[in-house]
Ligand code: PSV
Ligand code: MN
């Protein structure tokens, strides 16, 4: 039997970080649709993130992306966020949008470009010092498009050298999250293509380096929960970038494409007792809302993670363990599926009411008038965008 009070306590302590860029305009390489009310600067993105936290109660931090969130005074931005009710979370570096990075950033054959890219990563650590952020998230688009284009091995050496320099610059309580991605924009080799490569570099670097699992960055059919279980056992799972994919890196709302996969991932987290914030896993969203309302989509995503987590917490682990030991294949599977099939929405509504929140955060957002207000107020200026 699962203890419902313990399930609720775990859900109350859950923390999900939202990304500043998800509030901004985004799109595909074909078209970016401008949406009324979209933030024009980092403060407006933070205000939207604070709204999501106010309505959900479990999204108390917002990740920044540099240079999309470049400001003159980061301490002031952190103060603005704190006053709005959220903290600045991970600082995401960006070494993929400068003309110099056509052939790579930290793995570029030219040392001048490598220096420039590494300097940007070091600048991100300076920003973390000012915002009080714990995590530096690194994603490299580096790779090659054609066999023979560059030395695969030399690029690994260059990557290791840059990572070492940045790692050594980290403060005592700061961490490096190394994200991997199978392909895109590089179509032949990618320098950090998979969790194994990220894990090997983290091991070489030291305990402040951990892997970030972006759920959209795998080949179709990859068993992501296996990766999660392995990295948790090794103590090197540091973060998630949650989103959904049907085909490639679609960046759709988490839980939209495959809620069962999200449940299986969250079950591994729960089974490792890694849901607690002090377990050190950053649960972040990394999504783009190209055609749907951005703020309600982010609220929906937070609720989807909560629902998957509630189901994972409901797994009767004692019964599961017994069935596993008996070699009862169908019995063990049934225990897991029973939890997945449970409608946890009443439980979550009850929890929100206990927390003084509206039981239906999406409906509460629609009723709040916030969307109408930002559409009326945010006129003039340039809307923020993925790449702005
Ligand atoms: C790359 O596809 C990625 O997942 C990285 O996390 C980037 O920083 C982010 O997307 C930007 O949306
Ligand atoms: Mn990501």
Study note, to complete from the structure: When restricted to 104, 89, the only residue surrounded by 24 or more Cβ atoms within 10 Å (Cβ to Cβ), over 28 Å from residue 44 (Cβ atoms) and in contact with a strand residue (DSSP E or B) (Cβ under 8 Å, 6 or more places away or on another chain) is 104
**Study point:** Within the range 143-195, tally of residues that are surrounded by fewer than 20 Cβ atoms within 10 Å (Cβ to Cβ), within 20 Å of the chain's Cα centre (by Cα) and under 21 Å from residue 97 (Cα atoms)
**Key:** 5
Revision key, fill the gap. Within the range 172-200, the residues that are assigned to a strand (DSSP E or B) and within 16 Å of ligand 1 (Cβ to nearest atom) are 175, 176, 177, 178, 179, 190
Practice item. Give just the number: which of (1) within 16 Å of ligand 1 (Cβ to nearest atom); (2) in contact (Cβ under 8 Å) with a residue 12 or more places away in the chain; (3) surrounded by fewer than 23 Cβ atoms within 10 Å (Cβ to Cβ) does residue 242 not satisfy? Key: (3)
Revision key, fill the gap. With criteria (1) out of contact with any strand residue (DSSP E or B) (no Cβ under 7 Å at 6 or more places or on another chain); (2) in a loop (DSSP other than H, G, I, E, B); (3) in contact (Cβ under 8 Å) with a residue 40 or more places away in the chain; (4) more than 15 Å from ligand 2 (Cβ to nearest atom), residue 255 comes up short on (1)
Practice item. State whether one or more residues within the range 334-346 are part of a helix (DSSP H, G or I) and closer than 30 Å to residue 45 by Cβ. Key: yes
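Hey, any hits in the range 201-211 for a residue that's in a strand (DSSP E or B), within 15 Å of the chain's Cα centre (by Cα), touching a residue at least 12 places away in the same chain (Cβ under 8 Å) and within 16 Å of ligand 2 (Cβ to nearest atom)? Before you say what the answer is, go through the steps one by one.
Within the range 201-211, the first condition is being in a strand (DSSP E or B), and the residues that meet it are 209-211.
Next, from what is left, pick out any that are within 15 Å of the chain's Cα centre (by Cα): 210-211.
Now narrow it down to the ones that are touching a residue at least 12 places away in the same chain (Cβ under 8 Å): 210-211.
Imposing the further condition that a residue be within 16 Å of ligand 2 (Cβ to nearest atom) reduces the set to 210-211.
Looking for residues that are in a strand (DSSP E or B), within 15 Å of the chain's Cα centre (by Cα), touching a residue at least 12 places away in the same chain (Cβ under 8 Å) and within 16 Å of ligand 2 (Cβ to nearest atom), one finds at least one in the range 201-211, hence yes.
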Review point. Are there any pairs with C-beta distances below 6 angstrom linking a residue in the range 216-231 that is closer than 21 Å to residue 189 by Cβ to a residue that is assigned to a helix (DSSP H, G or I) and within 16 Å of ligand 1 (Cβ to nearest atom), with the two at least 6 apart or on different chains, and if so which?
Key: 227/195
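The numbers here are math on the coordinates, done by the rules we state, and not lab data. Source: prediction; values computed, not measured. Using ideal geometry, Cβ is built from the backbone for each residue, glycine included, and neighbour counts are taken over all protein chains shown.
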